[in-house]
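A short worksheet on the structure shown next.
The values are calculated or read from the model by the stated rules, or taken from the named source; none is laboratory data. These numbers come from a predicted model, not from an experiment. Here the Cβ positions follow ideal geometry from the backbone for every residue, glycine too, while neighbour counts run over all protein chains shown.
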Amino acid sequence: MKILVIGSGGREHALAWKLRQSPHAERIFCAPGNGGTGEIAENVAFAASDLEGLVRFAKENRVDLTVVGPDDPLAAGIVDLFTAEKLRAFGPTKSAARIEASKIFAKELMRAQEIPTAEARTFSDSGEALRYCQLAKFPVVIKADGLALGKGVTIAADAATARSTIDEMMNQGRFGDAGRRIVIEEFLRGTECSLHALVDGKNYLLLESARDHKRMLDGDRGPNTGGMGAFSPADNWNGKLQSQFETEIMRPVLRGFLQQGIEFCGLLYPGLIITSEGPRVLEFNCRFGDPETQALLPRMKSDLLPLLEATIDGTINGCAIEWDTWATVTVVLASAGYPGKYETGKTISGLCDAAKLQDVQVFHAGTKRDGGEIKTAGGRVLAVTALGSTIEDARERAYDAVSRIHFDNCHYRRDIALSAVPVNIGKSS
Ligand code: AMP
Ligand code: GLY
């Protein structure tokens, strides 16, 4: 089969790496890909936002399956375009992708199906939102309705922050149209967990649990990022939570889609917070997580390709996934400045040395090949994953690999997965 993976991050490198292992994969293209995907697949110079170009490429090259990594092309309707041209694509349609692309759509669906989530109000008038905040109990969480590159959520500790956030989003157009309408919701306390499900419209198959580290600095300080690391399985997940999650969240969300006449086919990733009363939904994502995918796929023993196909064909019910019992830890190496304006063009050394280590995978994100060298070309540069018999073992291996890789002003967190290591034997790297 000829496969096209759309995107250029660590998630897409991990997807291409996993699909490469399938006996059914003949050729893999990545659009536009990165320095790492170029080693295992053929990079083709189409941006993930160039929907027409991508359709044309898939048609001309008789691509059998396209896997869409990022949310933006899904929200823009790339799967609808491919399907109209009789091309097979993995991911939800534009209408189904609203579960991620519109926080208001997601909240309304959750409310209708009584899915546990934060109490929320939606506003399209800034005056009303400001008045609401005068009486609110702080902190409150203010969310732009639309996609905002992961920056559309502000936790406002006080009225002054709430006022300036509302003003920036709704009046000053900080996120363009994405912030013209907002959601203000209660602040929930607990630990976060990422679940991934292959959803074929009617049924779903869960992947293993994972946890992401969203803040830039150790100890969960600093600004929010796309994700500075991940590990799997999650230390805060268990069978009881999973059955509650399936009954109270997964089955109702599928029912909610069907009641609206929407068929969600693709990967649904609810971001959860585990409160004292059980799991609550923080958000729904309609694609694989980044960096969770880099932690999940090295644990997946089954072939990913037939699972993606079964999702499209509506036969996920007959599938199962075999998982490695070993754990994974993924550490993200970022450029100086990230998540703000960041440096690029720095030469990366030590990649071969790190890749030689057993049970280590170095996934590229913001990298590009420049002659004989790999250089930095993005905010998140690499995602270094290691498998280990325990989280602690995986952590040691991951940080050993990280210590061999260098580029100027490289920044990474030292405490990825540390919370999952038993305190009495915990060591920091
Ligand atoms: P989201 O993009 O909705 O996942 O939000 C980004 C981050 O903001 C989440 O990963 C949480 O850490 C935090 N967050 C979002 N909503 C809430 C909430 N209601 N209560 C507490 N933290 C939240
Ligand atoms: N890891 C967060 C995300 O993919 O949205």
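Quick notes on this one:
- Hits in segment 176-197 (condition: in contact with a strand residue (DSSP E or B) (Cβ under 9 Å, 6 or more places away or on another chain) and away from ligand 2 (no atom under 16 Å from the Cβ)): G179, R180, R181, I182, V183, I184, E185, E186, F187, L188, R189, G190
- Pick from segment 125-166, criterion small (G, A, S) and over 20 Å from E283 (Cβ atoms), ranking: farthest from ligand 1 (Cβ to nearest atom): G127
- Screening G271, G261 for residues that are at pLDDT 95 or above, within 17 Å of the chain's Cα centre (by Cα) and surrounded by fewer than 23 Cβ atoms within 10 Å (Cβ to Cβ) leaves exactly one candidate, G271.
- Evaluating D220 against the criteria (1) within 16 Å of ligand 2 (Cβ to nearest atom); (2) among the acidic types (D, E); (3) closer than 24 Å to G318 by Cα leaves one unmet condition, (3).
- Number of residues in segment 233-264 that are among the small types (G, A, S), free of Cβ contacts under 8 Å to residues at least 40 places away in the same chain and within 19 Å of Q113 (Cβ to Cβ) equals 2.
- Condition met for R163 (within 30 Å of R413 (Cβ to Cβ), of a type in the set (K, R), away from ligand 2 (no atom under 16 Å from the Cβ) and not in a strand (DSSP E or B)): no
- Here E119 clears all of (1) surrounded by 15 or more Cβ atoms within 10 Å (Cβ to Cβ); (2) away from ligand 2 (no atom under 16 Å from the Cβ); (3) over 30 Å from L305 (Cβ atoms) except the condition numbered (1).
- Those strands (runs of 3 or more DSSP E) of segment 320-429 in which 1 or more residues are under 20 Å from R211 (Cα atoms) occupy 327-334, 360-364, 380-388.
- Selection status of A162, under 20 Å from the mean Cα position of the chain (by Cα), at negative phi and not polar (S, T, N, Q): no
- Residue check for A58: at pLDDT 95 or above, within 16 Å of ligand 2 (Cβ to nearest atom) and not in a strand (DSSP E or B): no
- Residue in segment 260-267 that is in a strand (DSSP E or B) and more than 16 Å from ligand 2 (Cβ to nearest atom) present: yes
- Residue pairs meeting the criteria (Cβ under 7 Å; at least 6 apart or on separate chains; first farther than 21 Å from E322 by Cα and assigned to a strand (DSSP E or B), in segment 284-302; second modelled with pLDDT of 95 or more and small (G, A, S)): F284/A106; N285/G271
- Among the residues making up segment 44-55, those that are crowded, with 18+ Cβ neighbours inside 10 Å and outside any loop (DSSP other than H, G, I, E, B) are L51, L54, V55.
- Where a residue in segment 177-197 is farther than 20 Å from R215 by Cβ and its partner, wherever it lies, is within 14 Å of ligand 2 (Cβ to nearest atom) and of a type in the set (K, R), with Cβ under 9 Å and at least six apart: R181/K103; I182/K103; I182/K143; V183/K103; V183/K143; I184/K143
- Segment 271-282, residues that are more than 8 Å from ligand 2 (Cβ to nearest atom) and in a strand (DSSP E or B): L272, I273, I274, T275, G278, P279, R280, V281, L282
- Residue among T311, T330, T325 that alone is surrounded by fewer than 16 Cβ atoms within 10 Å (Cβ to Cβ), modelled with pLDDT of 95 or more and either in contact with a Leu (Cβ under 9 Å, 6 or more places away or on another chain) or among the β-branched types (V, I, T) (or both): T325
- Among residues of segment 133-144 that are of a type in the set (A, V, I, L, M), those with a Cβ under 6 angstrom from a residue that is within 10 Å of ligand 1 (Cβ to nearest atom) and in a loop (DSSP other than H, G, I, E, B), sequence gap 6+ or separate chain, pair up as V141/F187; A144/G152.
- Screening the candidates A96, A58 for the property of being among the hydrophobic types (A, V, I, L, M, F, W, C), within 18 Å of the chain's Cα centre (by Cα) and at negative phi yields one hit, A96.
- Looking only at segment 397-411, residues that are within 17 Å of D353 (Cβ to Cβ) and in contact with a strand residue (DSSP E or B) (Cβ under 7 Å, 6 or more places away or on another chain) come to 9 in all.
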